[in-house]
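The block underneath contains the structure these notes are about, expressed in structure tokens.
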Amino acid sequence: MREKKACLIINPRGGQNIAKLPDITTVLAAAGWDTDIAIKEYGGHTMELANEAAEKNYELVIGYGGDGTLSQIVNGVMNAGGQHSTVGLIPGGTANVWASEIGLPTDPIKAVLALVNSEPRKVDIGHVEVESLTFPETRQNGQGQPGGNKSQKKKAKSSSKAKHHFLLMAGLGLDAAVMGHVSKPLKYRIGPLAVGLSAAKELPTQHQFPLEIHVADGSRKGEALWKGEALQVVVGNTRRYADIVEMTPNAHIDDGVLDVCVITAGDPLTTLQQVASLLLRRKPDNLTSEYFHGAHLTITVPATIDLQLDGSAVKLKDYLSKSDRKALEQVENKEQVMVNYRFDAQPSALRVAIPYTYDDALFEDSAGKKQEQHDSAQEERRQSAENTSRDKDQLDQSGVGERQESQQSPEHLDALLQNGRKVAVAGV
């Protein structure tokens with residue numbers, strides 16, 4: 001039988017994730033996976049390794065790390081077309097929101113056991129790019145002529161290291177500012193507390209900002225969905241935010257649309273109510289939140305507003321052409337420059353490993369799938385009953401055999417673990 005090829009990409013986190021590696025590779029080998037190992041060595045390396053693995057048609061590309069590692073792998077695989085490799089995860093980071101969403105254990109060994117008992121499922125992926133920049137009135141060529149509100153319509157040629165895809169959600173505002181100022185060495189030492197320290201530092205500097213949301217209609221803005229002042233906007237492909245709040249509670253990962261939550265500006269009382277709702281009810285307060293959804297959206301914010309994808313801050317300049325970067329640098333007050341972000345849902349764009357034990361809460365078509373599975377099982381039982389009704393003794397013996405096979409399966413797994421295949425190591 002042909003061996004299945006997997007690539008395990010590790011964020012070493014100062015060696016913390018290396019200790020469990022022998023046990024992880026043993027389980028993978030026991031399950032029939034011939035696994036190559038690659039270790040992240042520098043920023044952006046994970047995305048490069050994932051892209052290379054996908055281009056080599058590895059059937060399974062596994063990230064061993066947190067949501068940041070997963071984000072890099074998703075982007076690497078998507079940049080290779082996203083159709084040949086299934087993306088899997090072994091949680092090992094500061095934030096593990098995706099693992100919580102699909103019921104993956106946080107213990108690495110339990111997680112890899114769940115991984116080898118998973119099925120590839122096609123899911124939607126969010127995509128973001130900068131459509132254009134709108135500049136304030138300027139004086140051109142030093143001759144005192146108004147330049148007007150010039151919008152750079154030419155599509156930006158972004159950096160090869162720019163992340164355009166997200167599996168979980170994107171955020172504009174406070175959360176991106178916080179994530180952009182988290183110390184990575186501190187995060188590795190004290191975990192989520194480092195994010196809390198960054199939040200305490202950034203909170204006093206944040207303020208409401210002008211926001212517009214439109215339906216994207218081809219190359220132009222379509223119907224206006226919302227316009228006003230906001231503190232935060234979240235574009236969700238899934239539901240959980242920071243692993244505790246369902247910011248987009250109606251999101252499904254296979255419905256072909258993105259869900260948007262806008263947290264609006266308010267007085268100190270409504271702001272306090274919003275914070276209390278997030279902490280106690282684990283969802284935004286409806287009085288200060290607005291919800292929208294769509295497959296293609298244009299979101300316009302000032303150039304000073306930060307962006308994050310799947311919990312990792314990204315830089316605006318990485319999405320811009322050289323000429324747009326230069327033009328932006330020459331503007332003294334960058335709050336007056338408006339960025340038009342284009343968000344698109346890419347339906348069924350990527351295969352991800354989903355444990356068989358998952359309850360399918362994120363899948364809109366789960367009811368139909370479960371009904372199909374039920375009907376198939378019913379048909380199998382009917383055919384089995386017809387084939388064995390002529391010989392009751394044969395039916396009884398078949399039942400005994402099934403029970404014996406079920407009892408022997410743990411012993412079979414032990415045998416596989418004791419005779420695991422050799423694991424190749426690459427990229428060290």
Kindly evaluate residue 349 against the criterion of being buried (at least 17 other Cβ atoms within 10 Å of the Cβ), at pLDDT 95 or above, under 18 Å from the mean Cα position of the chain (by Cα) and under 30 Å from residue 61 (Cα atoms).
yes
Would you confirm whether any residue within segment 295-317 is under 21 Å from the mean Cα position of the chain (by Cα), at pLDDT 90 or above and part of a helix (DSSP H, G or I)?
yes
Just a yes or no: is a residue in segment 191-198 in contact with a helix residue (DSSP H, G or I) (Cβ under 6 Å, 6 or more places away or on another chain), of a type outside the set (D, E, K, R), modelled with pLDDT of 95 or more and surrounded by 14 or more Cβ atoms within 10 Å (Cβ to Cβ)?
no
Could you please give the count of residues in segment 80-122 that are over 19 Å from residue 4 (Cβ atoms), touching a residue at least 40 places away in the same chain (Cβ under 8 Å), in a helix (DSSP H, G or I) and more than 14 Å from the chain's Cα centre (by Cα)?
2
Of everything in segment 67-89, what is closer than 15 Å to residue 120 by Cα and crowded, with 24+ Cβ neighbours inside 10 Å? Give them in sequence order.
74, 77, 85, 87, 88, 89
In segment 315-355, which residues are out of contact with any His (no Cβ under 9 Å at 6 or more places or on another chain), closer than 23 Å to residue 238 by Cα and aliphatic (A, V, I, L, M)?
352, 353, 354
Within segment 43-57, does at least one residue satisfy the condition of being surrounded by fewer than 20 Cβ atoms within 10 Å (Cβ to Cβ), in a helix (DSSP H, G or I) and touching a His at 6+ places or on another chain (Cβ under 9 Å)?
yes
Of the residues in segment 251-275 that are in contact with a strand residue (DSSP E or B) (Cβ under 6 Å, 6 or more places away or on another chain) and at pLDDT below 95, the one that is nearest to residue 169 (Cα to Cα) is 261
Out of the residues in segment 199-233 that are charged (D, E, K, R) and assigned to a helix (DSSP H, G or I), state the one that is modelled with the lowest pLDDT.
202
Would you check which residues across segment 13-42 are within 20 Å of residue 66 (Cβ to Cβ) and surrounded by fewer than 17 Cβ atoms within 10 Å (Cβ to Cβ) and list them?
14, 15, 16, 18, 19, 23, 41, 42
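The values are calculated or read from the model by the stated rules, or taken from the named source; none is laboratory data. The structure displayed is predicted, hence computed values, not measured ones. Backbone-built Cβ (ideal geometry, glycine too); neighbour counts: all protein chains shown.
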